[in-house]
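In what follows, a structure is listed as structure tokens, so that the remarks can point back to it.
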């Protein structure tokens, strides 16, 4: 099946259940025959997503080749206009290697680039279409216009996807933060406030890529019952985290690796379900997405280096 970014060549969808997805990036051999973890290939795939992630369909992400370089550069600049991305870049690229989840710097405790990863996974593996780019529709202070990390739609099922994301070294710490997110974001007052902002932005553009725009605006309307809204919303919760499996093994198809991978995923799913005490838990269509990587810091630093280079193209 054709996908927008063809990321299946790099990202393996190892678990695909109705309420759980698990992904991984595996290994390859270099010219010397040595095995290596494919973090650079992952960074390249994520870099390809940046123009669409930054602009969205509503701003004409599909541009001709004569405008490609300027679009790539402008998309990188748009991302760094959001204060969290710029400050995280300064921390990661200027750090001496002492970054960890315990730092009190609030920008390290956000899902920096988690929303970019979530965007790619939703597009290529869950057949969604972006409804709104929070990067493009930022406010004048450099903040995002809404609190959700992803606002996508699935036209065939008429489902709205509202996602949250975290990148943590420790998976359980990331899962606890995701529980906090859903408890803050999936309550009536917050949803009504955010939906009003999103509706205004959606109504402000006209794009043939967004089918049945009136349906989505109606779903977001404050007069629609909360129970009706929640029944038409999927909530993908992405936790990207460090896993030592990728240091202890060099083949994702190794039987021992596969068994340990599944044990890790099942343990984290159980941990999330135990910690999720949202009062509307039974009404939330949550899809837990687990994406272990070899080294979160290496991944984030690599993305910032690519993004910094992209800025200089225009």
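Any read-out appearing in this document is the output of simple, stated calculations on the displayed coordinates, not a laboratory observation. What you see is a predicted model, and the numbers here were worked out from it, not measured in a lab. Glycine gets a Cβ as well: all are built from the backbone with ideal geometry, and neighbour counts include every protein chain shown.
Both radii were evaluated on the Cα set of segment 267-314; the Rg over Rh quotient, with Rh as the Kirkwood radius, amounts to 1.25. With neighbours defined as other Cβ atoms within 10 Å of a residue's Cβ, the residues 229, 301 order from fewest to most as 301, 229. If R0 is 41 Å, the Cβ-Cβ spacing of residue 12 and residue 223 corresponds to a FRET efficiency of close to 0.40. Per the Cα gyration tensor, segment 187-311 maps to an equivalent ellipsoid with semi-axes of 36, 23, 13 Å, ordered largest to smallest. The slack between residue 213 and residue 189, meaning 0.36 nm per residue of separation minus the straight C-alpha distance, is 6.3 nm.
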